[in-house]
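Enquirer: Sharing a structure here in structure tokens format.
The values are calculated or read from the model by the stated rules, or taken from the named source; none is laboratory data. Please read these numbers as outputs of a predicted model, since none were measured by experiment. Cβ coordinates were reconstructed from backbone atoms using ideal geometry, including for glycine residues, and neighbour counts include every protein chain displayed. These area figures cover heavy atoms from the full protein model, side chains too; ligands, DNA and RNA do not enter into them. Shrake-Rupley method; radii C 1.70, N 1.55, O 1.52, S 1.80 Å.
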Amino acid sequence: MVNPMDDAIESGSGASAGRDIHQHGQFVAGRDTHIGTMSIHYHQPEVPQPRGPVSRLRRRGTTFIGRAAERASLREWMDYDRNPFPLANVLNGPGSGKTSLALQVARDVAPSYPGGQLFLELSQAGLPELDVSEAVFRLLLQLGVAESRIPGSLAGRIEVFHAELRKPTLLVLDSVTSAQQVMDLLPSRADCGVLMTSRRSFSELEDIREMDLGSMTDDEAYALLEARIGADRVAADPDAARKIIQLCGGLPLALHMAGAQLTKPANRRLPLARFADRLAAERLDLLKTDHLDLRTSFRSATGNSARRPRGISGFSA
């Protein structure tokens, strides 16, 4: 087989990587050298550079509030010294705060994972789920692997992916729809963790721990509403605030949406009692913005095999 770089030497356009070039007894090395009419470019061989920790987690939107007990449990589950091959699934329907909790826990345990934290969303409403090959491809890019080094075959990509996990690394896999999506992504290292979120259980996965995320406690929901619209405004009408929390089913996303409505310029002086009455009458029609409509999320949850979120039993989707 002819080396294309040998042809380059003969034609006077370059030199192959790592070679010593001599011309009339003169040693030639360096980046670009000209000898007579011959131009030589010396290519330094690639040396793998040590990779620092990577963090591909989503940017946090606000201060995380609530879920203290669940957060503590997940931190313990992700401790690979106590629990080798940590694998956990946070499950329930939309609006329960699964992703936010998983991301917060990933940040909590980041010092224990010097290889970094990777985040991948495996499904989105209205779009086909991510297949395994594409999922591995995206994870490799997050790890800093050049696209030219990523094999085309699934088996090749999986092999490179596991080889790239050279230090303890945490994978956050969001919106998982099937066990088949994640089987090949589970690291073979005991000090690499996988934290998943889903609308269903994956008890068929060996050694998995699962957390069925319910509604927030009343105190947590109250604190969340205070953070969203202001403690003074909540304190001015605590009964109305509790009614809003009840109507939102204690679901973090619904409470955030209620807060978004209450902080609009037109509603900043609106009494909470009046808003609570509107929420009782309109429910999901009121809890939407230009970018998010809870009705769509809840309808998708009730229209498939996933469980209906307990907190929305009072909503009419």
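Enquirer: Using a Förster distance of 35 Å, how high is the FRET efficiency between Ala280 and Glu204, based on the Cβ-Cβ distance and rounded to 0.05?
Expert: 0.25
Enquirer: Which of the lysines could a cross-linker span from Lys243 if the Cα-Cα distance has to be under 22 Å and same-chain partners fewer than 8 positions apart are dropped?
Expert: Lys264, Lys288
Enquirer: Taking all pairs of distinct Cα atoms, average 1/r, flip it, and tell me the Kirkwood hydrodynamic radius of segment 152-266 in Å to one decimal place.
Expert: Evaluated over segment 152-266, this radius sits at 17.6 Å.
Enquirer: Here's something else I'd like to know. Send over a whole-number figure in Å² for the accessible area per residue of segment 144-278, probe 1.4 Å.
Expert: In whole numbers, segment 144-278 has 47 Å² accessible per residue.
Enquirer: OK, next. Work out Dmax and Rg for segment 75-218 from the C-alpha atoms and quote the Rg first, both in angstrom.
Expert: 14.8, 52
Enquirer: Right, something else. What ranking do 197-210, 252-265 get when scored by the average of other Cβ atoms within 10 Å per residue, highest first?
Expert: Peptide ranking by packing, descending: 252-265, 197-210.
Enquirer: I would also like to ask the following. Between Thr263 and Ala163, what length in nm is gained on full extension when 0.36 nm per residue of separation is reduced by their alpha carbon distance?
Expert: Value of the extension gain: 31.1 nm.
Enquirer: What FRET efficiency do you get for Asp79 and Lys288 if R0 is 45 Å and r is their Cβ-Cβ distance, rounded to the nearest 0.05?
Expert: The value I calculate is 0.70.
Enquirer: Once you put a point 7 Å from the Cα of Leu154 and another 7 Å from the Cα of Arg71, both along the Cβ direction, what distance in nm separates them?
Expert: Those two pseudo-labels are separated by 3.8 nm.
Enquirer: How long are the three semi-axes of the equivalent ellipsoid for segment 84-136, computed from the Cα gyration tensor as the root of 5 times each eigenvalue, in whole Å, largest first?
Expert: Equivalent ellipsoid of segment 84-136: 22, 17, 10 Å, largest first.
Enquirer: Arrange the peptides 271-282, 222-233, 147-158 so that the one whose residues have, on average, the most other Cβ atoms within 10 Å appears first.
Expert: Answer by packing, highest mean first, reads 222-233, 271-282, 147-158.
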